[in-house]
Amino acid sequence: MRRRRSARGLGSDTREAAVHGVASGGTVPLGPATCGGQAVPPGWPDFSSGGEALLAPFLTCTSPAEYVALQQRVDMPRLVEALDEWSAVRLGALGPVREDAAALLQRKRAAFLVSATERYGLFHAEVFALFVLHSAHDDEVDAVLRLLAGDKLLGQTLALMPAVREELRARGLSLSRYPERAERGGDVLRGLGRAARDALATSPLVDGGRYLEMTGRWAQLPPPYQHAAREVERALALRHFSAGSVALGTFDSLTFGVPLGFYYLVIGTGQGAYSFGQGHYEQAARELAPALLLGTLYAGGKGVRALSQARGAGLPARGGLPTVEQRLRSLQAVAQELEAKLPGEGLRELARWIRERREVGHFVAVGGVDAALALHQARGNVARAQAMMSRARPGATGAPAESGAHQGAGKVASVVDDGARARLEAGAAERAGGMASLVDEGAGLTREVVEARLALMEWEAPGPRLPRDVAVLEKQRPSLDAPPPGAEGNPRWGEYVAYYEERLRELEQGKATKAPMRWDAYEQMRGWFARGLTFERLMVELLEADALLPRAQRHFLGAFVKPRISRSVGVWKPESGLRYADVLVIEEGGPAGVPPRVETFSFKSRDLSGLKYEALKAQMIEDAGEALQKYGGTLDIRRDSVHSMLSGSREVPIQRVRLVYEGGKLKPSMADDLRKAMDETKRKVPAVEVLFQ
């Protein structure tokens, strides 16, 4: 992922480590630890200090990104272990907990649900249970339900709470999916122990202590839950409580029903005591739909920064109407921006993916808007999105390095000569095998990057596909041991079977809209993909060598004084989304205050040799139009390392777009047809220069 100057208090090194999993199991001691502009107390975390002191720095965080970043600096498993059950529940409500502490958090959540049911009774415990469910991702809830069922406690807790059962059913987590284990001898003793505790609770001192504990925890809940708790208490006092009706009725109109949201919307004192007018909370619920709120808080850096600045500007810690309205306006502005960048149902899909999986929430919290855009391109697949983002910055995970006029790849001819052509053919043949044959760590083509690029090519491929009917796909499922005629011994058959299975799962889960390609179409697409990678490598070598020549002798880069060549640069446009230019060339060290010259290159290996004029013209015009749409006009450059050359703005106009086709035996055989097709392409798409090499 690109290095970013975070507006959320998260350094770029921490962001990259967190996104790519480098720091998921340890700490990142970079500078003084802060959250919400406040430094953590000296000596924090002191694991013997108690839950509130351990939790307090996290409660000052003003965004999910800050919250995730702070976790990288501490021993999270030890910290979660040191928290009491209720403090662990509150920690989990702030956002995704680091992977190495996630299982421990689910155990603490399950234990809290059991103890709350025992100590406060079913009606009061139901409010706390809803808070746990609403502040947890679906995969986390699944883990909690399995823990309760495995300990034969599900039927004594959540199964007796109507509003909870309804919430779980709506999220596709019906309790019927979680059968409890068989009875064991120890269950009798456990039941006797619970009965003894229930009898002890009749003591006014004990009962009073539990009531004070419960009401103290009410005060630490977001406003809708406080309201629900008071309604439950009032109904019990009046003895007309219908099981589940009060809690369910209260939450039907107020809860956002998504992980997080509450703590970053309200105004906190930094100690966990939040005050937010009920009317203002309802206003937020009306004006920010769940998807907008969730996407804004996780990915909307500018909106979160506005909230942080508002609090740092001396606004009241407990918040008045001006503060609330200012925060709502900030959130709305970013929500509109995100809706524009995530077309169609993109923002709702993002919210659904975040709610479903902790891993997605963590990824987007760290990566912000860029991660959200990459995730949308990868259809919710975090591993694929990580690989896509690794191409937007140099260095980490093997992303391609950058080069300038002072760098190069040795003495290579400025045009494709016979030796280069032979290397191209040999390289294409060498990479005709399985996925491992495409990996080239030195060139930045890690396995993750290759898989991400292949996935993008497959998604846009026009080849024939199988029916989208899941039942039909199940029946036609390919077998690793039974390849079709002609595929025996083909190293890509196993790759195809894995691809087929993954796409089938995505269709079953509603995460994909396209069926898998047929084997023959996939095999053809895959072969061209391998050849395209080889051609791209060759062209980058030629550009680097061209940059070393005197300007008058350059074949490609004569318009530049000191060209800087960057590979696989992330660029964004509203109409095409997040894409990666094969090569971006920027004038390095130009006059201050003047936008530098920027050009883009797009490389294509496509067999045009057998096309007649009309088909050739149509294909070239289509390719040129696609290159212009993705890499022309004004681009938002997503790689921070080149921003210093862009005169203070990362949005830059592109002076020239070049579409470079692989020549040789792929070049059209009829010279007149090619000349006329190139002339017509230039007339139709004048902003793109078409070349054959």
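The values are calculated or read from the model by the stated rules, or taken from the named source; none is laboratory data. Nothing here was measured: the structure is a model prediction, and the numbers come from that model. Quick reminder, even Gly has a Cβ in these numbers, built from the backbone with ideal geometry, and neighbours come from all protein chains shown.
Here are some residues: Arg503, Arg477. Which one is modelled with pLDDT of 90 or more and closer than 16 Å to Gln377 by Cα?
Arg503
Can Arg639 be described as closer than 25 Å to Leu538 by Cβ, modelled with pLDDT of 95 or more and either surrounded by fewer than 20 Cβ atoms within 10 Å (Cβ to Cβ) or not aliphatic (A, V, I, L, M) (or both)?
In short, no.
Among Glu66, Glu118, Glu81, which is the only one that is of a type in the set (Asp, Glu), in contact with a strand residue (DSSP E or B) (Cβ under 6 Å, 6 or more places away or on another chain) and either surrounded by fewer than 23 Cβ atoms within 10 Å (Cβ to Cβ) or assigned to a helix (DSSP H, G or I) (or both)?
Glu66
Take the conditions touching a Gly at 6+ places or on another chain (Cβ under 8 Å) and aliphatic (A, V, I, L, M) and apply them to Ala163. Does it pass?
Yes, satisfied.
Would you pick out the residues in the stretch 638-671 that are over 18 Å from Arg606 (Cβ atoms) and touching a Phe, Trp or Tyr at 6+ places or on another chain (Cβ under 8 Å)?
Those that are over 18 Å from Arg606 (Cβ atoms) and touching a Phe, Trp or Tyr at 6+ places or on another chain (Cβ under 8 Å): Arg638, Ile654.
Just give me the residues in the stretch 498-522 being more than 26 Å from Gly172 (Cα to Cα), aliphatic (A, V, I, L, M) and surrounded by fewer than 19 Cβ atoms within 10 Å (Cβ to Cβ), in sequence order.
Ala498, Ala521
Would you say Glu99 is closer than 18 Å to Ile354 by Cα, modelled with pLDDT under 90 and surrounded by fewer than 19 Cβ atoms within 10 Å (Cβ to Cβ)?
yes
For the stretch 481-495, name all the residues that are within 32 Å of the chain's Cα centre (by Cα) and either part of a loop (DSSP other than H, G, I, E, B) or of a type outside the set (A, V, I, L, M, F, W, C) (or both).
Correct list: Pro491, Arg492, Gly494, Glu495.
Which condition does Ile586 not pass, out of (1) modelled with pLDDT of 90 or more; (2) under 28 Å from Arg531 (Cβ atoms); (3) buried (at least 18 other Cβ atoms within 10 Å of the Cβ), if it passes all the others?
Ile586 satisfies every listed condition except (2).
For the stretch 50-90, which positions are of a type in the set (Ser, Thr, Tyr) and touching a residue at least 40 places away in the same chain (Cβ under 8 Å)?
Thr60, Thr62, Ser63, Tyr67 - these are the residues of the stretch 50-90 that are of a type in the set (Ser, Thr, Tyr) and touching a residue at least 40 places away in the same chain (Cβ under 8 Å).
Return the only residue of Arg551, Arg526, Arg531, Arg537 being charged (D, E, K, R), in the same structural domain as Leu438 (by TED's automatic domain parsing) and more than 32 Å from the chain's Cα centre (by Cα).
Arg551
If a residue has to be of a type in the set (A, V, I, L, M) and modelled with pLDDT of 85 or more to count, how many in the stretch 450-466 make the cut?
Result for the stretch 450-466: 1.
Could you list, in sequence order, all residues of the stretch 48-63 that are part of a loop (DSSP other than H, G, I, E, B) and touching a strand residue (DSSP E or B) at 6+ places or on another chain (Cβ under 6 Å)?
Thr60, Cys61
Count, please, the residues in the stretch 144-159 that happen to be more than 21 Å from Gly92 (Cα to Cα) and β-branched (Val, Ile, Thr).
0
Please tell me if Gly648 is at pLDDT below 90 and either under 26 Å from the mean Cα position of the chain (by Cα) or within 19 Å of Gly532 (Cβ to Cβ) (or both).
no
Here is a list of conditions, (1) basic (Lys, Arg); (2) outside the structural domain of Ser649 (by TED's automatic domain parsing); (3) closer than 25 Å to Val652 by Cα, and Arg503 meets all of them except one; can you say which number that is?
With respect to (1) basic (Lys, Arg); (2) outside the structural domain of Ser649 (by TED's automatic domain parsing); (3) closer than 25 Å to Val652 by Cα, Arg503 is out only on (3).
Would you pick out the residues in the stretch 524-555 that are touching a Ser or Thr at 6+ places or on another chain (Cβ under 7 Å), crowded, with 20+ Cβ neighbours inside 10 Å and either among the hydrophobic types (A, V, I, L, M, F, W, C) or assigned to a strand (DSSP E or B) (or both)?
Phe535, Leu542
I'd like to know if the stretch 602-624 contains one or more residues that are in a strand (DSSP E or B), in contact (Cβ under 8 Å) with a residue 24 or more places away in the chain and out of contact with any Phe, Trp or Tyr (no Cβ under 9 Å at 6 or more places or on another chain).
no
Do we find a residue being in a helix (DSSP H, G or I) and either touching a strand residue (DSSP E or B) at 6+ places or on another chain (Cβ under 7 Å) or modelled with pLDDT under 50 (or both) anywhere in the stretch 349-365?
No, the stretch 349-365 contains no residue that is in a helix (DSSP H, G or I) and either touching a strand residue (DSSP E or B) at 6+ places or on another chain (Cβ under 7 Å) or modelled with pLDDT under 50 (or both).
Out of the residues in the stretch 84-96 that are part of a helix (DSSP H, G or I) and buried (at least 19 other Cβ atoms within 10 Å of the Cβ), state the one that is nearest to the chain's Cα centre (by Cα).
So the residue we want is Gly92.
Which one is farthest from Gln220 (Cα to Cα) among residues in the stretch 23-55 that are crowded, with 19+ Cβ neighbours inside 10 Å and modelled with pLDDT of 85 or more?
Among those that are crowded, with 19+ Cβ neighbours inside 10 Å and modelled with pLDDT of 85 or more, it is Pro45.
Does Ala39 count as assigned by TED's automatic domain parsing to the domain that holds Gly216, closer than 24 Å to Phe131 by Cα and either in contact (Cβ under 8 Å) with a residue 12 or more places away in the chain or out of contact with any Gly (no Cβ under 8 Å at 6 or more places or on another chain) (or both)?
It is false that Ala39 is assigned by TED's automatic domain parsing to the domain that holds Gly216, closer than 24 Å to Phe131 by Cα and either in contact (Cβ under 8 Å) with a residue 12 or more places away in the chain or out of contact with any Gly (no Cβ under 8 Å at 6 or more places or on another chain) (or both).
For the stretch 546-577, what are the residues that are within 30 Å of Glu339 (Cα to Cα) and touching a His at 6+ places or on another chain (Cβ under 8 Å)?
Residue satisfying the conditions is Gly577 alone.
One line per residue, one yes/no per condition, for (1) outside any helix (DSSP H, G or I); (2) more than 16 Å from Arg384 (Cα to Cα); (3) under 29 Å from the mean Cα position of the chain (by Cα):
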site	(1), (2), (3)
Glu451	no, no, yes
Tyr499	no, no, yes
Ala512	yes, no, yes
Tyr522	no, yes, yes
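Among the residues of the stretch 97-114, what is the count of those that are closer than 18 Å to Leu154 by Cβ and outside any helix (DSSP H, G or I)?
Residues flagged as closer than 18 Å to Leu154 by Cβ and outside any helix (DSSP H, G or I) within the stretch 97-114 amount to 0.
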